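Undergrad: My questions will all concern the structure given below.
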Amino acid sequence: MNFIKKTQMMFKRTGTDKTIYACTIFLALFGIVMIGDASVGMSASEGYQFATKNLLKQCLFVIVGLGFMFLFARAYKTRRISETLMLVTYGVCILMMLTCIMWTINNSHAWIKIGPFTIQPVEFMKLTLIILLSYIFGVLPDQIRISPRLSKEKRNKLIWRKAVVCVFFPAFLVIFAFLICWKVQKDMGSGLILFVMATCLFFATPSQYYRPFKIIGLVGVLFLLLIFILFHNFFLKSHQMARISSWLNPLKDIYGTNYQIINGFVGYTNGGLIGRGFGNSIMKFGYIPEAQSDFISSIIVEELGLVGFAAFFIPYSIIIYRLFRYAFAIKDSREKLTLIGIASYFFVHLMVNVGGVSGLIPMTGVPLLLISAGGTSTLVALIGIGIAQAIIAKYNREKKQEAIEKSL
């Protein structure tokens, strides 16, 4: 009863966005149902309890995640999160990512296996980088001020120190994490998501100090893209080249490397407007291996049709829209960037997963947050929503206080 009362008090808490809460909880519950349903297809090979185990594991992570979401929404204070704390957290995440070398799952070293559970440290790294970069980009440029009264030598030293702290150091943090994902974990998809999220935060920072660096950064990104296109054989391994080849020509080897992708397409096309009916998927029975994970959207569309697609796409869009709307309204640079980072976290995962399964972009094995089976991604997504709600609540309370003062 105490837990229920505390939950009711959390929803009545002044300032939090109830629409974001409602969409998040709906997606989490919808994900539990669809994971249990999609897992039925592997019961013949994994045992009749496979679907039940997956459903219960996801239930556990959702319950724990919701607890952390409400906790962070209530207790998270931006001013309490120091640079030292975030750098230590970053270091812990790096060590966890390096520890993954001890386990090989799906031809990569991206997970830590503990009994029946697996932990994917890169998901924690994504949220850590959002908060850390929000502090660096949003706070540090204003803290390091260069006075015109200083001597030329001291001013040049300070200019260089500011560039190192505000530009080169965060760039190093992102590149180092990306290289570990790519070279150590053999998970370029997650590394690219880290890079894209960091790039979004860099270009979104309102500080005028970064204006010349943004121009340099844009040219640099275009240059790197050109280099990647021209020398992609050097950067990509055979299985990664196969994914791009499958994307460009999905009908080339429908019973080999493109088998899963083609069946994902079939799942999408079989759905129509209202689908074949809940539980009536054909593709989950061996045609799409581990359908409860990255390809779960194909099963949703096959069973529930366009209505099922809208059932998760619309709540996702609402969450992303409202996070961006608050981000543009908030004046504090650090809190603004944190909301933009969390919004981009959801947006990139949605676009990469749905785009990969539907054939719009190459498949990279990225989960659909709160929907795909994955305890770590679910936990981190819910914590991210809790942090966003804490910032939103603070903003709404301040606006309410301003309105009260104006009315007096």
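Undergrad: Quick check on Leu194: is it open to solvent by less than 10 Å² (accessible area, probe 1.4 Å), assigned to a helix (DSSP H, G or I) and within 19 Å of Ile81 (Cβ to Cβ)?
TA: Considered against the rule, which asks whether it is open to solvent by less than 10 Å² (accessible area, probe 1.4 Å), assigned to a helix (DSSP H, G or I) and within 19 Å of Ile81 (Cβ to Cβ), Leu194 comes out as no.
Undergrad: Another question, if that's okay. If Ala393 satisfies every condition in (1) open to solvent by less than 10 Å² (accessible area, probe 1.4 Å); (2) free of Cβ contacts under 8 Å to residues at least 24 places away in the same chain; (3) not acidic (Asp, Glu) but one, which is the exception?
TA: (2)
Undergrad: Next up: Among all residue pairs at least 6 apart or on different chains, which show Cβ distances below 6 Å where the first residue, located in region 15-28, is farther than 20 Å from Lys394 by Cβ and the second is open to solvent by less than 10 Å² (accessible area, probe 1.4 Å) and assigned to a helix (DSSP H, G or I)?
TA: From residues that are farther than 20 Å from Lys394 by Cβ, the pairs are Cys23/Ile319; Ala28/Val62.
Undergrad: Among the residues of region 348-355, is any closer than 27 Å to Ile262 by Cβ and among the polar types (S, T, N, Q)?
TA: Yes, region 348-355 has at least one match.
Undergrad: Within region 261-282, work out how many residues are buried (at least 17 other Cβ atoms within 10 Å of the Cβ) and in contact (Cβ under 8 Å) with a residue 60 or more places away in the chain.
TA: 5
The rows are residues; the columns are (1) under 30 Å from Phe50 (Cα atoms); (2) among the small types (Gly, Ala, Ser).
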{"residue": "Ile119", "(1), (2)": "yes, no"}
{"residue": "Asp142", "(1), (2)": "no, no"}
{"residue": "Glu153", "(1), (2)": "no, no"}
{"residue": "Ala163", "(1), (2)": "no, yes"}
{"residue": "Ile180", "(1), (2)": "no, no"}
{"residue": "Lys186", "(1), (2)": "yes, no"}
{"residue": "Ser190", "(1), (2)": "yes, yes"}
{"residue": "Leu194", "(1), (2)": "no, no"}
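Undergrad: Continuing with this model, one more query. Can you find a residue that is open to solvent by 30 Å² or more (accessible area, probe 1.4 Å) and modelled with pLDDT of 90 or more anywhere in region 7-19?
TA: yes
Undergrad: State whether the residues of region 261-268 include one that is of a type outside the set (A, V, I, L, M, F, W, C), under 21 Å from Gly374 (Cβ atoms), in contact with a Lys or Arg (Cβ under 9 Å, 6 or more places away or on another chain) and assigned to a helix (DSSP H, G or I).
TA: Looking through region 261-268, at least one residue is of a type outside the set (A, V, I, L, M, F, W, C), under 21 Å from Gly374 (Cβ atoms), in contact with a Lys or Arg (Cβ under 9 Å, 6 or more places away or on another chain) and assigned to a helix (DSSP H, G or I).
Undergrad: Among the residues of region 97-122, write down those that are within 13 Å of Gln185 (Cα to Cα) and either part of a helix (DSSP H, G or I) or among the small types (Gly, Ala, Ser) (or both).
TA: Passing the criteria: Met97, Leu98, Thr99, Cys100, Ile101, Met102, Ser108, Ala110, Pro121, Val122.
Undergrad: Now, a different point. Which residue pairs have Cβ atoms closer than 9 Å, lie 6 or more positions apart in sequence or on different chains, and pair a first residue in region 41-58 that is farther than 15 Å from Lys284 by Cα with a second residue that is open to solvent by less than 40 Å² (accessible area, probe 1.4 Å) and of a type in the set (D, E, K, R)?
TA: Cβ pairs passing all conditions: Leu55/Asp37.
Undergrad: Assess whether Asn353 counts as being among the polar types (S, T, N, Q), at pLDDT below 95 and either surrounded by fewer than 19 Cβ atoms within 10 Å (Cβ to Cβ) or in a loop (DSSP other than H, G, I, E, B) (or both).
TA: Details: among the polar types (S, T, N, Q): yes; at pLDDT below 95: yes; either surrounded by fewer than 19 Cβ atoms within 10 Å (Cβ to Cβ) or in a loop (DSSP other than H, G, I, E, B) (or both): no.
Against the criterion (among the polar types (S, T, N, Q), at pLDDT below 95 and either surrounded by fewer than 19 Cβ atoms within 10 Å (Cβ to Cβ) or in a loop (DSSP other than H, G, I, E, B) (or both)), Asn353 does not qualify.
Undergrad: Can you say whether Ser372 is assigned to a loop (DSSP other than H, G, I, E, B), surrounded by 22 or more Cβ atoms within 10 Å (Cβ to Cβ) and among the hydroxyl-bearing types (Ser, Thr, Tyr), as far as the supplied structure shows?
TA: yes
Undergrad: I would also like to ask the following. If you take the residues of region 34-55 that are in a helix (DSSP H, G or I) and exposed (fewer than 14 other Cβ atoms within 10 Å of the Cβ), which of them is modelled with the lowest pLDDT?
TA: Taking the candidates together, the pick is Ala44.
Undergrad: Cβ contacts < 7 Å: first residue under 12 Å from Gly31 (Cα atoms), restricted to region 290-303; second residue open to solvent by 10 Å² or more (accessible area, probe 1.4 Å) and assigned to a helix (DSSP H, G or I), any location; separation 6+ or different chain. Result?
TA: Listed pairs, sorted by first residue: Gln292/Asn54; Ser297/Val354; Ile300/Phe309.
Conditions tested, residue by residue: (1) modelled with pLDDT of 95 or more; (2) within 26 Å of Lys53 (Cα to Cα).
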| position | (1), (2) |
| --- | --- |
| Val366 | no, yes |
| Ser372 | no, yes |
| Leu382 | yes, yes |
| Lys394 | no, no |
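Undergrad: Among the candidates Lys162, Lys186, Lys157, single out the residue that is in contact with a His (Cβ under 9 Å, 6 or more places away or on another chain) and either part of a helix (DSSP H, G or I) or open to solvent by 60 Å² or more (accessible area, probe 1.4 Å) (or both).
TA: Lys186
Undergrad: Could you please find all residues in region 100-122 being buried (at least 16 other Cβ atoms within 10 Å of the Cβ) and under 17 Å from Ala373 (Cα atoms)?
TA: Residues satisfying the conditions are Ala110, Trp111, Ile112, Thr118, Ile119, Gln120, Pro121, Val122.
Undergrad: Moving on. Test Met97 against the stated conditions and say whether it is closer than 30 Å to Ala373 by Cβ and either in contact with a helix residue (DSSP H, G or I) (Cβ under 7 Å, 6 or more places away or on another chain) or β-branched (Val, Ile, Thr) (or both). Steps first, answer last, please.
TA: On the way: closer than 30 Å to Ala373 by Cβ: yes; either in contact with a helix residue (DSSP H, G or I) (Cβ under 7 Å, 6 or more places away or on another chain) or β-branched (Val, Ile, Thr) (or both): yes.
For Met97, the condition - closer than 30 Å to Ala373 by Cβ and either in contact with a helix residue (DSSP H, G or I) (Cβ under 7 Å, 6 or more places away or on another chain) or β-branched (Val, Ile, Thr) (or both) - is met.
Undergrad: What are the residue pairs meeting all of these: first residue in region 214-229, first residue of a type outside the set (Lys, Arg), second residue at pLDDT 85 or above, Cβ atoms under 8 Å, and 6 or more apart or on different chains?
TA: Final answer for the pair search is Gly217/Thr199; Gly217/Phe202; Gly217/Phe203; Leu218/Phe203; Val221/Thr199.
The values are calculated or read from the model by the stated rules, or taken from the named source; none is laboratory data. Everything quoted here is computed from the prediction, not taken from an experiment. A quick note on method: Cβ atoms are made from the backbone with ideal geometry, for glycine too, and the neighbour counts reach across all protein chains shown. Each accessible area value is taken on the protein alone, full model and side chains, heavy atoms only, with ligands, DNA and RNA left out. Shrake-Rupley method; radii C 1.70, N 1.55, O 1.52, S 1.80 Å.
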